[in-house]
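Everything on this sheet refers to the single structure shown next.
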Amino acid sequence: MSKLSILAAKTSFSLLSLIGRGGSLPGTIALKVDPQSLNKLKFRGPVILVTGTNGKTSTANMISSLFEKAGKKVVSNRKGDNLKAGITAALLQNAKGDGTIDADVVVLEVDELNIRHILPFLPVSMLVVNNFFRDQLDRAREMEQLIESIENVLPEFKGTLVLNGNDPNTVRLALKAPKAKALYFGLDKNQYSFQESKEASEGKFCPRCNTKLEYDYYQYSHIGRFHCPNCGFETPKLDVQLDAIDLNRQTFHYGGHKFQGPYEGMYSMYNYAAVLTAAQKYNLPLSAFEKMLKDAPHPAGRNERFEKGSKEVVLNLVKNPTGANEVMKVIERDGTRKAVVIVLNDREQDGTDVSWIYDTQFEKFMNPQTIGVICSGTRAGDMALRMYYGNYAGDLSVEPGIEAAVHQALDKSDTVYVVATYTALLPSRKAIKKELNV
Amino acid sequence: MIVKCAWMYHDIMDLYGDKGNIMTLTKRAKERGIEFQVTTVGIGQQADLSDFDLVFMGGGADKEQAVLIPDLLSRKENIQKALDENTFFLLICGGYQLFGQYYETADHEKIEGLKFADYYTATGKAKSRCIGNIIIDARLDDQTLRLVGFENHGGQTQNVAHPLGKVVHGYGNSFDAGYEGYYDGHILGTYLHGPLLPKNGQLADFILTKAIQKRNPDFTFDKLASIDQPWEEIARKALLDRWKLQDKPEIS
């Protein structure tokens, strides 16, 4: 066993903590000392990986918290990044001298393109896949190549696949995993389901025979009940299915119980369903699930609310058309008079290609209740053009400074929605807090 | 006045917000009191393309793109008829590649093209793609325009007899090509996404003019009233400033 790499990582941890750093650097050092660091580790309980385009962070966090509520000791990469070095760092930090990870359960959020670097090297018990959407395509390449990179490491996988049964892009993974057991989660048809999808969608064709897929109904984007009219590839029988969805109250039914979750939007319902599938597989009680929901921290930039007197600002992160479309629906559902600030940056972490704004239905809030839209960020002009060509009829302006943009919006209206890309999120929050003085 | 536009395979070739081009043409026509009528044409759908003033086709993912090839090839004669009758073709990325001799997918599969031009598209080195913001100086009949956009293609297009323009920043038809796109008076093919037209309003108007000329041969570019909106200049400047470039072409 390579004690050296574990030692190296641990030493660098203590050194780095002295100088106030940490993160993935110890992992990078360990992998330099021994590239095989990962497959020399020992585990005494299940190893769960969570991946997908949208919702992997909240799903992985909920699964970690679920096990903790059930009294288990969990090791996760909650605080680190989701690439190989960050994952290695998180594991080695919790490794004993003989390479055993000191935990009952290991839960790791893994970047989609890093599954191939992680899955073959750890004794993975469960792989949870939420969905696949266009996500910053200039970095992630075309989605097909991304899915194939995961399929390529599945033939020998003997654990459990937990897949979104309403996403053909995730259901197809089971076709490449003959030795694995597949469990499916999804939602029943509900009041929000619709017949025609106008949102940017992936996977329009059957992965088995390339015929165009047909949908009985959509829940959002390309997520819904689908079937191939040619070969029969379809939404499988669901092992976990949520009913009685109420997006306003954020409630749903499962197993005869009603639950209320902390997160908004249809996509969050799928995350709950994924977590419940893990709970079912490992026989964790629904009471632990309920406790987990109750104590879940509200994630930053997901409908984060700031209030002062009669003023209210709601901050949302957008990173791709599908996530953004769900945010648009949240803004649309709020019928009050409002101003909207959109901060569009095009730095590396945002994605340098901003064309996704044309796949996002900003039209959802282009109505008389939206009295003003202020565009900010490094690509504010592109955002204003998007609103202009989308026929927004209200007051449109460009304000490069985020603080000034928030200030202007609050002058116009008591209710302000701020929509920000990744690198704009923290500056936006700072600006909101400063303007509201909270 | 009416401009009839066929939007080919709108449900497949819709990567990178290419629908923004249709939004731009529609709005800029409407601002001038011109009705811009869009008809979507999907696989297996009957349509006489020579009936349209403008045909638009965007780009798609390799796998999805492969699905439409037989349908597209079956329309070859009809497309020739449309070209002969002065229908204008605007093609982005995958659409551009498919009008050439052939294109090679990332898996080195050779896909037959429509062969309306001599260019062909070879696959690049594994895992190398031309990605990033791109600025070109384009020559379109009697005018020159500085165009800004975003390119994202693995395919390396070679043997382009009449490029659309000279690359000022970015890659173009291939790594180190120096030139971008294709233009022959009837077909405008380019790798520029972004989408292309919202930030290049003059090009949008040029395309509208070409489309209008099918039914009104005497119509000229200067008959389109100017559009008053400040956003385009701001959006272009944000990019041009990064490379200290002026908002005017260097070729004349």
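Where a number appears in this text, it was derived from the coordinates with a stated rule and is not lab data. Keep in mind that this is a model prediction, so the values were computed, not measured. Ideal geometry is used to build each Cβ from the backbone, glycine not excepted, and the neighbour counts take in all protein chains shown.
How high is the FRET efficiency between A:K433 and B:K237 when r is their beta carbon distance and R₀ equals 45 Å, given to the nearest 0.05?
0.90
Work out the length of the dipole vector of the protein assembly as shown about its Cα centre, built from +1 on the beta-carbon of each Lys and Arg and -1 on the beta-carbon of each Asp and Glu, and round it to the nearest 20 debye.
2620 debye
Tell me, for the protein assembly as shown, which Cys residues have no other cysteine's C-beta sitting closer than 4.7 Å.
Those would be A:C375, B:C5, B:C93, B:C130, since no other cysteine Cβ in the protein assembly as shown comes under 4.7 Å of theirs.
From the Cα gyration tensor of the stretch A:330-438, with a ≥ b ≥ c the square roots of its eigenvalues, which class applies: rounded if a/c is under 1.5, or else prolate if a/b is larger than b/c, or else oblate?
It is oblate, given that a/c is not under 1.5 and a/b is not larger than b/c.
Please compute the alpha carbon radius of gyration of the stretch A:150-275, then divide it by the globular-protein estimate 2.2 N^0.38 Å. Two decimals is fine.
Here the Cα radius of gyration is 1.08 times the empirical estimate.
Fewest to most neighbouring Cβ within 10 Å: what's the order for A:L119, A:L83, A:L108, B:L73?
Going from sparsest to densest Cβ surroundings: B:L73, A:L83, A:L119, A:L108.
For chain A, what is the mean residue ellipticity at 222 nm derived from helices alone (per DSSP H run of n ≥ 4: -39500 (n - 2.57); sum divided by total residues; nearest 500 deg cm²/dmol)?
Per the formula, -10000 deg cm²/dmol.
In whole angstrom, how far apart do the alpha carbon centroids of the stretch B:77-107 and the stretch A:388-404 sit?
Rounded to whole Å, the Cα centres lie 37 Å apart.
Looking only at the stretch A:3-294, where both bridge partners belong to it, what percent of the DSSP beta bridges are antiparallel (to the nearest 5)?
40 percent
Report the relative contact order of chain A, percent, no decimals, based on alpha-carbon pairs under 8 angstrom and at least 6 residues apart.
After rounding, I find 12 percent.
Quick check on the exposure proxy: order A:V124, B:V67 from fewest to most C-beta atoms within 10 angstrom.
B:V67, A:V124
Could you tell me whether the protein assembly as shown comes out rounded, prolate or oblate from its Cα gyration tensor? Rule is a ≥ b ≥ c as square roots of the eigenvalues, rounded for a/c under 1.5, then prolate if a/b exceeds b/c, otherwise oblate.
prolate
Would you tell me the mean number of C-beta atoms belonging to other protein chains that fall within 10 Å of each C-beta in B:229-237, as a whole number?
6
In the stretch A:3-294, how does Rg compare with the Kirkwood Rh, expressed as the Rg/Rh ratio over alpha carbon atoms?
That ratio is 0.98, to two decimals.
Tell me which residues come under 5 Å, amide H to amide H, from B:G181 once H is placed; ignore anything under 5 positions away on its chain.
Hits under the 5 Å cutoff: B:L164, B:N173, B:Y191.
Using only Cα atoms, locate the centre of the stretch A:142-194 and the centre of the stretch A:230-297, then give the distance between them in Å, rounded to an integer.
Using only Cα atoms, the two centres lie 17 Å from each other.
By its C-alpha gyration tensor, with a ≥ b ≥ c as the square roots of the eigenvalues, how is the stretch B:1-85 shaped: rounded for a/c under 1.5, else prolate for a/b larger than b/c, else oblate?
Cα axes put the stretch B:1-85 in the oblate bin.
If you take every DSSP beta bridge whose two residues both sit in the stretch A:304-436, what share of them, in percent to the nearest 5, is antiparallel?
20 percent
Only counting other Cβ atoms within 10 Å, I'd like B:M8, B:M1 sorted with the fewest neighbours first.
Least crowded to most crowded, the residues run B:M1, B:M8.
Using only helices, what value at 222 nm comes out for chain B when you add -39,500 (n - 2.57) per DSSP H run of length 4 or more and divide by the total residues, to the nearest 500 deg cm²/dmol?
-8000 deg cm²/dmol
How high is the FRET efficiency from B:T220 to B:D118, r the C-beta distance, R0 45 Å, rounded to 0.05?
Between B:T220 and B:D118 the formula returns 0.90.
Work out the length of the dipole vector of the stretch A:304-436 about its Cα centre, built from +1 on the beta-carbon of each Lys and Arg and -1 on the beta-carbon of each Asp and Glu, and round it to the nearest 20 debye.
Dipole about the Cα centre, nearest 20: 340 debye.
So what is the diffusion coefficient of the stretch B:2-242 in µm² per second by Stokes-Einstein at 20 °C and 1.002 mPa s, using a Kirkwood Rh over Cα pairs?
Approximately 120 µm²/s, per Stokes-Einstein.
List, in order, the whole-Hz ³J(HN,Hα) value for each residue of the stretch B:80-86 obtained from phi through the Karplus relation with A = 6.51, B = -1.76, C = 1.60 and θ = phi - 60°; use x for Gly and Pro.
Taking θ as phi minus 60°, the curve returns 4, 4, 4, 4, 4, 9, 6 Hz for the stretch B:80-86.
How much length is gained on full extension from B:D184 to B:D51, taking 0.36 nm per residue of separation minus their Cα-Cα distance?
Between B:D184 and B:D51, full extension yields 45.8 nm more.
Name the long-range amide H neighbours of A:V162: under 5 Å, sequence gap of 5 or more, or other chain; modelled H, no Pro or chain starts.
A:L127, A:V128, A:V129, A:L183
Just A:S310, A:S397, A:S24 to compare: in a GNM of chain A, with alpha carbon springs under 10 Å, which one fluctuates most?
Of the options given, A:S310 has the highest mean-square fluctuation.
Starting from 0.36 nm per residue, how many nanometres of slack lie between A:A296 and A:N39 once their C-alpha separation is accounted for?
89.3 nm
Taking the stretch A:84-168, how much of its Cα-Cα pair set, in percent, is spaced more than 19 angstrom apart?
It works out to 45 percent of all Cα pairs.
Using the Cα atoms as the points, what is the convex hull volume per residue of the stretch A:36-124 in Å³?
With only Cα atoms used, the stretch A:36-124 gives 80 Å³ per residue.
Roughly what % of DSSP beta bridges within the protein assembly as shown run antiparallel, to the nearest 5?
Of those bridges, close to 40 percent are antiparallel.
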